[in-house]
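Take a look at the structure set out below.
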Amino acid sequence: MKREDFPVGAVMKRVLVAGGAGFLGSHLCEYLVGQGHHVTCVDSFATGSLNNVKALTGSNRFVLLTQDICDPLPESVTADEIYNLACAASPPHYQADPVHTMMTCVVGTNNLLALAERCGARFLQASTSEVYGDPEQHPQREDYWGHVNPTGPRACYDEGKRAAETLCFDYLRAGRADVRVVRIFNTYGPRMRPDDGRIISNLVCQALAGEPLTVYGTGEQTRSFCYVTDLIGGLVRMMAAKDNPGAPVNFGNPGEFTINELAELVLKITGSSSTISLHPLPTDDPQRRRPDIDRAHKLFGWQPEIPLVEGLRPTIEWFARETRKARQRIPGAARLAAGSAGRLPEPVAVPRH
Ligand SMILES: NC(=O)c1ccc[n+]([C@@H]2O[C@H](COP(=O)([O-])OP(=O)(O)OC[C@H]3O[C@@H](n4cnc5c(N)ncnc54)[C@H](O)[C@@H]3O)[C@@H](O)[C@H]2O)c1
């Protein structure tokens, strides 16, 4: 989806983006401010970064509120639309403080839903494909109830997000707010954190550093990868839709790749000579992931447009730039690391999938 294709109304809105300083949230804030809306970004900076929204802080249509959504929001906060993206999304981050992750999903989401009720705001909840757990159904449709371990180390996130969905649909059924729920599948792009432990950031950073690429299990497990601008286009469409779908909607890219295929692609684009190093599978790691996006397509005419190989290029360039900047901040590091690391070679021709 191109920027000019985004469904934009002429009306300027007051939009609150919780988690707006994170990876997805900052792209969303940027898009909304660009469309002339007034955006309040609420973020605790647990995993987000000021750098992600630095360019927006000069705009008089952008307000940054440093706040944990588990705490009551100031009475003065108001909005026409609320996007709730606040929650650490990568396993090492959401597992670092699992109780807080669960509270963010439940108490935090409830605080924002109460705000939506008070302001009469439309509400969009960023849920996740993790609600399907290690799925027994493939690809995953929205009517599949999932296969989740409620007591494992991923449960704070998976079950937290499931509980948040429950709250959302209870508010909707009770007529307390116009609530919409999107289930986001693996999304990638510039502004992911190098240390977030997600598969694309891991492999790209390792390839750029000339280190062995960490692949878990046999590498034959599959994932699907959606480029960030495609995803943001989906969120905006879902929020803008006149009729509430009344059910969750999957957003992701149905192209399915094994982790080995992804690793090969990363090696090819970076020109890295890194090797691949196999490690044991983490607990409850799903074997297959692919969204069924029929519902999003039927309701909003939405489908992703950026193939993996195209989205990987700007993502890799961004990581390479960040790596160079980080090195410049450490005296002497540039000289020490003058090998292949961080030097992005000219893109090579890679076949489209
Ligand atoms: N990126 C993906 O592939 C993906 C997939 C599925 C779902 N999601 C969902 O999308 C949302 C955004 O994900 P992301 O990839 O941008 O992650 P992220 O970690 O980059 O962003 C999350 C943001 O929320 C903030 N935050 C966390 N807890 C908070 C709290 N209690 N109060 C206020 N702010 C808080 C963080 O500081 C960060 O800025 C998350 O809710 C995540 O569950 C993302």
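The numbers here are math on the coordinates, done by the rules we state, and not lab data. The structure displayed is predicted, hence computed values, not measured ones. Neighbour counts run over all protein chains shown; Cβ positions are idealised from the backbone, glycine included.
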Residues whose modelled amide H sits under 5 Å from the amide H of Gln221, counting only those 5 or more places away in sequence or on another chain, are Ile259
Longest principal axis of the chain (C-alpha) makes with the long axis of helix 308-329 (C-alpha) an angle, in degrees to the nearest 10, of 80 degrees
Per GNM of the chain with C-alpha springs under 10 angstrom, the most fluctuating residue out of Leu262, Leu64, Leu24 is Leu64
A correct Karplus calculation of ³J(HN,Hα) over the stretch 94-99, with 6.51 cos²θ - 1.76 cosθ + 1.60, θ = phi - 60°, whole Hz and x for Gly and Pro, returns 6, 8, 5, 9, x, 5
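How much net charge surrounds Thr128 when only the other residues with a Cβ under 12 Å from the Cβ of Thr128 are counted, with Lys and Arg +1 and Asp and Glu -1?
Values: positive: Arg154, Lys161, Arg162, Arg183, Arg289; negative: Glu130, Asp158, Glu159, Glu165.
Counting the neighbours of Thr128, the net charge comes to +1.
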Taking the chain and counting helices only, DSSP H stretches of n ≥ 4 at -39,500 (n - 2.57) each over all residues, the nearest-500 ellipticity at 222 nm comes to -11000 deg cm²/dmol
With a ≥ b ≥ c from the Cα gyration tensor eigenvalues, square-rooted, and the rule rounded for a/c under 1.5, otherwise prolate when a/b > b/c and oblate otherwise, the stretch 22-90 is oblate
Mean separation of Cα contacts under 8 Å (at least 6 apart) over the residue count of the stretch 43-178, i.e. the relative contact order in percent, is 25 percent
